[in-house]
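A.B. asks: Mind having a look at this structure? Questions to follow.
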Amino acid sequence: MTGGFTDLADAFFRPAVNALTPYQPGKPVEDVQRELGLERVVKLASNEGPFGPFPAAQEAMARAAVELNRYPDGGVYRLHAALAERHGVALDEVCVGAGADGCIDMLSQAVVDPGDEIVCGWPSFPSYVIYARKQGGSTTLVPLVEQRYDLVALAAATTPRTKLVYICNPNNPTGTMNTTQELDTYFDTIPDHVLTVVDQAYFEYIDRPDYPDAVERYLKQGRRVVVLRTFSKIYGLAGLRVGYAVGPRSVCSAMAKVRRPFDITTPAQVAALASLDADAELARRRELNEQGLARLESLLREHGLEPVPSAGNFLYVETGADANELFDRLLQEGVIVRPLAGFGSPTAIRISVGTPEELDVLADVLGRVLQRA
């Protein structure tokens, strides 16, 4: 008995669930302020964009607020239609989810049976592993090479039982990317029975000729692929949880069958829709991120750290020891970063690009913390 309630033994629950290590989110600002009595806390932990929703998205949410007594559009029709038009695909070749993470969950539920395999690089985004194991699937984790996905080894690791191969590009948490040439070679060699998932959550941050739009280059050329995108990063809508998959209609249809009813809230739908026609603001934020990334890398190197060059909005840093030690010292000073044991890197931290003012705070805190160490 606990607090008057009858507890249940582990045997009551599915073995696959008992064996799970749940995803550990970044520590909220409010918790740190309350626990440590700090007024100013800077969060550089969760790869959120440092800027809020676009003005048009804020206005759309304000208009929608007066009708929040109504359920949202369960089919998310307007957003599906707008995304289909944006990518030049059919309406039923898009599946909106509660973030790209929600799409990974739906895909796992739709595809993975007990005994099926998924393959991904490692360290990488934990949800690929968690959601497969939740379904009773097995996971093959292919070590990164120089902190990058090894696509040759990834393809070689597949077996007749492999259903899904995940390519996180750029990879979270290391920030490294695979080039068009590397992906071309991968798709030429991957077995026909495998469905590849190219996770491009940071797509809008990258403006390089050797970084492919996987929808255009692979999906539209008939490859067996699903491409993930999100509104949580550069669009500033992480708190609303809205992302999407673009893929074959059969895959999107199967994902839609396992989604929860009304899982995309009305504010999320209207804000995402209002964010789609803002190319100038996207370009501005991309440039600011490039500047912030360069400054973040510079200040880390000035303090004796060696970050891995990144294509995203964050940097991966090996600490040479248990990363929780540096995480805790920074936390005591009001800076939240991300220790990466849950991503497969117990000695590394990940630091997101913040505003110039937030990076000023980080520079000051690093000087004190590392000097004491």
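The values are calculated or read from the model by the stated rules, or taken from the named source; none is laboratory data. Predicted model, so just to flag it, every value in this text is computed and none were measured. Note that we place each Cβ from the backbone using ideal geometry, even for glycine, and neighbour counts take in every protein chain shown. What goes into the accessible areas is simple: the full protein's heavy atoms, side chains included, and nothing from ligands, DNA or RNA. Shrake-Rupley method; radii C 1.70, N 1.55, O 1.52, S 1.80 Å.
A.B. asks: Would you check if there is a residue in the range 118-130 being under 23 Å from the mean Cα position of the chain (by Cα), under 29 Å from D279 (Cβ atoms), among the hydrophobic types (A, V, I, L, M, F, W, C) and crowded, with 19+ Cβ neighbours inside 10 Å?
C.D. replies: For the range 118-130, residues under 23 Å from the mean Cα position of the chain (by Cα), under 29 Å from D279 (Cβ atoms), among the hydrophobic types (A, V, I, L, M, F, W, C) and crowded, with 19+ Cβ neighbours inside 10 Å: present.
A.B. asks: Among the residues of the range 161-185, write down those that are closer than 27 Å to V17 by Cβ and open to solvent by 40 Å² or more (accessible area, probe 1.4 Å).
C.D. replies: Answer for the range 161-185, where residues must be closer than 27 Å to V17 by Cβ and open to solvent by 40 Å² or more (accessible area, probe 1.4 Å): R161, K163.
A.B. asks: From A272, A283, which residue is modelled with pLDDT of 95 or more and open to solvent by 40 Å² or more (accessible area, probe 1.4 Å)?
C.D. replies: Exactly one residue qualifies, and that residue is A283.
A.B. asks: Report yes if some residue within the range 116-128 is more than 25 Å from P346 (Cα to Cα) and either in contact (Cβ under 8 Å) with a residue 60 or more places away in the chain or in a helix (DSSP H, G or I) (or both); otherwise report no.
C.D. replies: no
A.B. asks: Next question. Looking at the structure I just gave you, is A153 surrounded by fewer than 19 Cβ atoms within 10 Å (Cβ to Cβ), at pLDDT 95 or above and within 14 Å of C120 (Cβ to Cβ)?
C.D. replies: For A153, the condition - surrounded by fewer than 19 Cβ atoms within 10 Å (Cβ to Cβ), at pLDDT 95 or above and within 14 Å of C120 (Cβ to Cβ) - is met.
A.B. asks: (1) under 23 Å from the mean Cα position of the chain (by Cα); (2) farther than 30 Å from A254 by Cα; (3) modelled with pLDDT of 90 or more: which one isn't true of P28, the others all being true?
C.D. replies: Checking P28 against (1) under 23 Å from the mean Cα position of the chain (by Cα); (2) farther than 30 Å from A254 by Cα; (3) modelled with pLDDT of 90 or more, the one that fails is (3).
A.B. asks: Still on this structure, please answer the following. What single numbered condition from (1) in contact with a Lys or Arg (Cβ under 6 Å, 6 or more places away or on another chain); (2) in a helix (DSSP H, G or I); (3) not polar (S, T, N, Q) fails to hold for R350?
C.D. replies: (2)
A.B. asks: Kindly establish whether V308 is within 20 Å of R148 (Cβ to Cβ), surrounded by 17 or more Cβ atoms within 10 Å (Cβ to Cβ) and β-branched (V, I, T).
C.D. replies: yes
A.B. asks: Tell me which residues, restricted to the range 327-351, are closer than 19 Å to T174 by Cβ and open to solvent by 10 Å² or more (accessible area, probe 1.4 Å).
C.D. replies: Matches in the range 327-351: F327, R338, P339, A341, G342, G344, P346, T347.
A.B. asks: Of these, L315, L300, L293, L273, which one is among the hydrophobic types (A, V, I, L, M, F, W, C), under 22 Å from the mean Cα position of the chain (by Cα), under 30 Å from D360 (Cβ atoms) and outside any strand (DSSP E or B)?
C.D. replies: L293
A.B. asks: Let me ask something else. What is the one condition in (1) modelled with pLDDT of 95 or more; (2) open to solvent by less than 40 Å² (accessible area, probe 1.4 Å); (3) closer than 24 Å to G239 by Cβ that E358 does not satisfy?
C.D. replies: (2)
A.B. asks: Which residue is farthest from E333 (Cα to Cα), if the candidates are limited to the range 1-21 and must be at pLDDT below 85 and surrounded by 10 or more Cβ atoms within 10 Å (Cβ to Cβ)?
C.D. replies: L20
A.B. asks: Could I ask something else about it? So which residues in the range 23-39 are assigned to a loop (DSSP other than H, G, I, E, B), surrounded by 10 or more Cβ atoms within 10 Å (Cβ to Cβ) and not aliphatic (A, V, I, L, M)?
C.D. replies: Y23, Q24, P25, G26, K27, P28
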